[in-house]
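Since every read-out is calculated from the coordinates, none of them should be taken as a lab result. The model shown is predicted, which means the values in this text are computed figures rather than measured ones. Cβ coordinates were reconstructed from backbone atoms using ideal geometry, including for glycine residues, and neighbour counts include every protein chain displayed.
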Amino acid sequence: MSQILASLAGIRYNCLEVMIVEFQHEPERVYLNDAAGPCIAEVTFPISGGTATIDHTFVDPALRGQGVADRLLAAAVEFLRSQGLKARLTCPYAVKWFAGHPEHADLLHS
């Protein structure tokens, strides 16, 4: 499965640095590991019958408020579109994200 690449610019750990990161992709997950290896951000979406259930979004507290979750969801949406999948939302953040991005409403499972 191909990786989803995403650029992320922001402030990390209160440093005035720009960080460029590459989200990693697994069949039912988009995530970001820090340099030491642990997962610091992820969105998970188990797939069944042509529908991905977006059920979990996590961002390390040190990265919150910098748009990381927004970019994770955007990467997940890009993947779902590329695979012709619909989305079912059980994660509260995903519900909020889709409400703020009506241009992706066509992905929602009816």
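The label-point distance for Ala62 and Ala36, in a model that sets each label 7 Å from Cα toward Cβ, rounds to 0.7 nm.
Tell me, in nm to one decimal, what length is gained between Lys96 and Arg81 on full extension, where the rule is 0.36 nm per residue of separation less the Cα-Cα distance? Once the chain is fully extended between Lys96 and Arg81, it gains 3.5 nm. With a Förster radius of 30 Å applied to the beta-carbon distance between Glu103 and Thr51, the computed FRET efficiency rounds to 0.95. Judged by the mean number of other Cβ atoms found within 10 Å, the most tightly packed of the peptides 23-32, 61-70 leads the ranking 23-32, 61-70.
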